1. Looking only at the stretch A:72-131, count how many residues are in a loop (DSSP other than H, G, I, E, B), basic (Lys, Arg) and modelled with pLDDT under 90.
2. Could you grab me the full set of residues in the stretch A:160-175 that are of a type outside the set (Val, Ile, Thr) and modelled with pLDDT of 90 or more?
3. Counting just the residues of the stretch A:166-185 that are part of a helix (DSSP H, G or I) and out of contact with any helix residue (DSSP H, G or I) (no Cβ under 6 Å at 6 or more places or on another chain), which one comes out farthest from A:Ala387 (Cα to Cα)?
4. Looking at B:Lys141, is it basic (Lys, Arg), farther than 22 Å from B:Met277 by Cβ and within 9 Å of chain A (Cβ to nearest Cβ)?
5. Going by what's in this entry, would A:Asn199 be described as free of Cβ contacts under 8 Å to residues at least 12 places away in the same chain and either in a strand (DSSP E or B) or within 34 Å of the chain's Cα centre (by Cα) (or both)?
6. Starting from the stretch B:60-79, keep only residues that are on the phi < 0 side of the Ramachandran plot, then list their pairs with residues that are outside any loop (DSSP other than H, G, I, E, B) and aromatic (Phe, Trp, Tyr) whose Cβ atoms are within a distance under 8 Å, requiring at least 6 positions of separation or different chains.
7. I need the full set of residues from the stretch A:170-207 which are touching a Lys or Arg at 6+ places or on another chain (Cβ under 9 Å) and farther than 30 Å from A:Ala155 by Cβ, in order please.
8. Which number in (1) part of a helix (DSSP H, G or I); (2) among the charged types (D, E, K, R); (3) more than 10 Å from chain B (Cβ to nearest Cβ) marks the one condition that A:Lys274 misses?
Amino acid sequence: MATEDNEVEDHRPLVLIHHLPSFKLPLQDRLITHFRLFDSLASPEASSVRALICVGPTPVTADTLDHLPSLRLVVGSSAGLDHVDLAECRRRGIAVTNNEVEDHRPLVLIHHLPSFELPLQDRLITHFRLFDSLASPEASSVRALICVGPTPVTADTLDHLPSLRLVVGSSAGLDHVDLAECRRRGIAVTSAGDANSENVADYAVALLLDVLRRVSAADRFVRSGLWPQIGEYPLGCKLGGKRIGIVGLGSIGSEVAKRLVAFVCTVAYNSRNKKPSVLYPYYANVHDLAVNSDVLVVCCALTNETHHIINKDVLTALGREGFIINVGRGALVDEKELVQFLVQGEIGGAGLDVFENEPNVPKELFALDNVVLSPHLAISTPESFEALNEVIIANLKAFFSSKPLLSPFEQE
Amino acid sequence: MDSITVLMTSPMSDYLEKQLKDRFNLVKLWAYSPKTDFFKHNSHSIRAVVGNTKIGADAELIDSLPELEIVSSYSVGLDKIDLRKCQEKGIRVTNTPDVLTDDVADVAMGLMLAVTRRVCECDRFVRRGLWPKGDFRLTNKFSGMQVGIVGLGRIGSAIAKRAEAFGCPISYYSRSEKPETNYKYFSNIIDLAVNCQILVVACALTEETHHIVNREVIDALGPEGILINIGRGSHVDEPELVSALLEGRLGGAGLDVYENEPEVPEQLFGLENVVLMPHVGSDTVETTDAMADLVIKNLEAHFLKKPLLTPVV
């Protein structure tokens, strides 16, 4: 029996949980710390209750409201309110609220050629609202785009995107983006940065070892069953002591250098500018680098200036005992000249991951044992895509919160 | 010294052959058939044997050459030489360490990269004209893979140094721990195999290391693991290796040596996760010449009664 001392007055307001038999309101135990609850229109409390919670699409009709003469508030538990007779509520002076969660995700355009997909898009949608067509009405307001693979970003593309302020590249190379036009329009550009550098460097070393020590050619030889018959296999070339010339000492070039130093090679480089913090010898032009190198590893970006940077002159300077590895872009090398040099035996060999007209590869190369061919794969590991995704998201988040970009493209 | 008769056991190097012919009275074992003729006519004059990984100097040969003073091996491996017999008879033995260390380590790295990044398979893919039809699939990143080395001698250490430049954590199993290195030591090969992704065999072949990579080790390495062998074929139980690869119990293998060279198990020829080389670890122009020079220098030193350059016995 309650006594005056033991009685705790219940100050909780009364709320009706209005639900269809099949609908329950989750987390009701939270509500009862604040409110006294009941759930039937037939209950005596219906005449005095001033607020109801409408569970899911339970209808609130004029008839419902007739049972609730004291009602002043309907609290909806969904964004939509089509099950509530809003006009009737308004007529009776009853306020109505819904459960709209505002979408704060920034809008981003996925700019891609039909044949290209952006992997891991599901990660992006937790952070951004996405669309993928320049014809969409959202094109006029979007401030950032992700450029998938080598999809071109031209002046025409930019004309469709008057509010664009950021282009996020998904590769280290940006030769498919009209950088001058972006600069003119005040549009920042980011690249994939260092996300793939290790993978590309690994692959460059793999190609070099393969060419010098004839790994693929030897593998072909063994699989052909010829070893027991022929016995002798042609000697390879020693990697140790070779002078490596790195064309483009960026992130990839630096990783290549670091690896080859461990193989007892010496490293020199050519870059647009000498790098004061780097101890490797610098050559102001690729020809001089080639004269002083046994191997050229091409890792630089493709620009107007570097188109065919490896030309007949450079190949001649590299010489009969010289080797070339290309993990940059096909157009960095005058491919016709290179094929001639290889076919005539005027150069020692080549390891090529990229070509001028992919996926077409000059067929003359297929017959050569001192050439290793690869279908533009240097970044193709699952770890590459994960890392790439992180860089893309990081750059976008920085942009939308006005913080410094992670990997802005800067002319070196 | 052209009165000194030297026996060359097999046609291992044209350059070495010429050097020997220029300096000594060279007898070529493979010029005689059957071998019995050779023993009848030459056995008493031969004072030196130059052997290699194919034919060295076993007990039978040593016993048949009463004037033998020195065996100069055109290899660093000594498994084809009866060292105990040489010791008993006071016969000197030299090999060719150091000059081939870098090249063999480079082949180990070449195999590791080729297997993980499927370089040979990619090259085949392009040469077959398949690229226009579609892309090659993803491969695994090499940098950062855990590398376990069996035998941290000269070659094992050279491999470790190279793999480190790729950010690979290095662990090893050796007869004895090497505290001067920072690499993680395991006291047995099973624990090493459990704790690495790429297992490299770089130790000498002895009675103890015969089939050191057996079924148990292969199972410990597992379906994602890769075996690289630049030691001797007999380090690995080859039939077990083949069935593990065929059944997918081992992730891949890069092999330069086999139990019964030049025979290579044909079942491997169709596998894309395997790279096969015909025992070319030290086969570069520079290194083979350096090895030959070392063989010659050791022989000359011996017959001039000077200290041997790279004696084993």
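The values are calculated or read from the model by the stated rules, or taken from the named source; none is laboratory data. Only a predicted model underlies this, so the values are computations on that prediction, with no experimental measurement involved. Here Cβ is always computed from backbone atoms with ideal geometry, including for glycine, and neighbour counts include all displayed protein chains.
1. Total satisfying the criteria: 1.
2. Step one: of the stretch A:160-175, the residues of a type outside the set (Val, Ile, Thr) are A:160-166, A:169-175.
If the condition is that a residue be of a type outside the set (Val, Ile, Thr) and modelled with pLDDT of 90 or more, then A:His160, A:Leu161, A:Pro162, A:Ser163, A:Leu164, A:Arg165, A:Leu166, A:Gly169 are the ones that fit.
3. A:Arg184
4. So B:Lys141 passes the test.
5. no
6. That search, which allows pairs on different chains as well, returns B:Ser64/B:Phe39.
7. A:Glu198, A:Asn199, A:Ala201, A:Asp202, A:Tyr203, A:Ala204, A:Val205, A:Ala206
8. Going through the list (1) part of a helix (DSSP H, G or I); (2) among the charged types (D, E, K, R); (3) more than 10 Å from chain B (Cβ to nearest Cβ), A:Lys274 breaks only (1).
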